[in-house]
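First up is the structure itself, then whatever we jot down about it.
The values are calculated or read from the model by the stated rules, or taken from the named source; none is laboratory data. What you see is a predicted model, and the numbers here were worked out from it, not measured in a lab. Please note: Cβ atoms are built from the backbone with ideal geometry, for glycine as well, and neighbour counts cover all protein chains shown. The area values use the complete protein model at the heavy-atom level, side chains included, leaving out ligands, DNA and RNA. Shrake-Rupley method; radii C 1.70, N 1.55, O 1.52, S 1.80 Å.
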Amino acid sequence: MTRSQPGQPRHSPYHVAVALFPGFELLDVTGPLEVLNMLSRETPIKLSLLSTTLDPVSTKTADMPYSMCEQSMVPTHTYEVPPSDIDALLVPGGTGARLSPDPHFKDLHAFLRQAFPSLDYLLTVCTGSALVAQTGLLDDRCATSNKNAWEWVQTQGERVEWVKDARWVEDDNVWTSAGVSAGIDMTLAWVAKLWGLDRAHAVAKRMEYVWKNDSSADTFA
Ligand SMILES: *[C@@H]1O[C@H](CO)[C@@H](O)[C@H](O)[C@H]1NC(C)=O
């Protein structure tokens, strides 16, 4: 399948999918989706939400009894029967990611391996990069992750070139970002690559968001 060139997305509408799992971090998902929602006012974007089943996926897992504050998102597809025309896949992180490997992640891992060759882009936020590293897809690539989980993340992909001092890292078509809010900065940079810098700035302005646009400047490293 042809790949997008800078400023020339390969499809319109451009199809973005998000990989959900119990215990995902809300902002890892909704930060990038807010960017896409704003973008989609002029740019046709199609969205799919994937998980193991079609049941709502909660930000809370059974081992998080301390929290009464939870939200759920409703998947549109399962990993077993995903849409066939996904352009970009976003993998969030979150407390639930630390439960991997776990039976739930078998489906996600299998889907990642099968979908990767036809993806235009694979994007991760926070410990989502650890979930992808577990499949070997990040081997010999540069990647980053959440600095609060840094020690654990490194053990999930020993052949990955983990870059600590980074808000996000681009390695060809695999983009990984640091913790939680960094997903917004990475997604804006990715929008700039595919749809142009002006569009990215317009989206940030619409969000009244100060885009930290220097990928190598990470206050939290
Ligand atoms: C990055 O952000 C700085 C500070 O807001 C701004 O001056 C600069 O023009 C931005 N650069 C790009 C490429 O967006």
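For region 131-221, a Kirkwood hydrodynamic radius built from all Cα pairs, placed in the Stokes-Einstein relation at 4 °C and 1.567 mPa s, yields a translational diffusion coefficient of 95 µm²/s. Taking a ≥ b ≥ c as the square roots of the eigenvalues of the Cα gyration tensor, an a/c ratio of 1.5 or more together with a/b larger than b/c marks region 1-80 as prolate.
Of the whole protein surface, Arg206 contributes about 90 Å² of accessible area at a 1.4 Å probe radius. You can think of it this way: the chain between Asp172 and Asp198 has 7.2 nm of extra reach, that is 0.36 nm per residue less the Cα-Cα gap.
Suppose a student asked you for the relative contact order of region 64-221, using Cα pairs under 8 Å spaced at least 6 residues apart; what percent would you report? That works out to 19 percent.
The stretch between Ala110 and Lys205, if pulled fully straight at 0.36 nm per residue, gains 30.4 nm over its current Cα-Cα span. Does region 50-174 classify as rounded, prolate or oblate by the C-alpha gyration tensor (a ≥ b ≥ c root eigenvalues; a/c under 1.5 gives rounded; else a/b over b/c gives prolate, otherwise oblate)? It comes out oblate by the Cα gyration axes. Could you state how much accessible area Glu161 has, in square angstrom rounded to the nearest 10, with a 1.4 Å probe and all protein chains kept in place? Near enough 110 Å² of accessible area. Take the Cα of Met68, step 7 Å toward its Cβ, do the same at Leu47, and the gap between the two points is 3.0 nm. Considering the chain at the alpha-carbon level, its Rg and Dmax are found to be 16.1, 47 Å. Would you work out what percent of the accessible area of the chain, with all protein chains in place, is carbon or sulfur (probe 1.4 Å)? The value for the chain is 52 percent carbon and sulfur by accessible area. Charge tally around Asp139: other residues with Cβ under 12 Å, Lys/Arg +1 each, Asp/Glu -1 each, net -2.
For a modelled paramagnetic label at Thr78, 7 Å from Cα along Cα-to-Cβ, the residues of region 109-139 in reach, with backbone nitrogen under 20 Å, are 109-116. Taking 0.36 nm per residue of separation and subtracting the current Cα-Cα distance, fully stretching the chain between Trp152 and Asn213 would add 19.3 nm.
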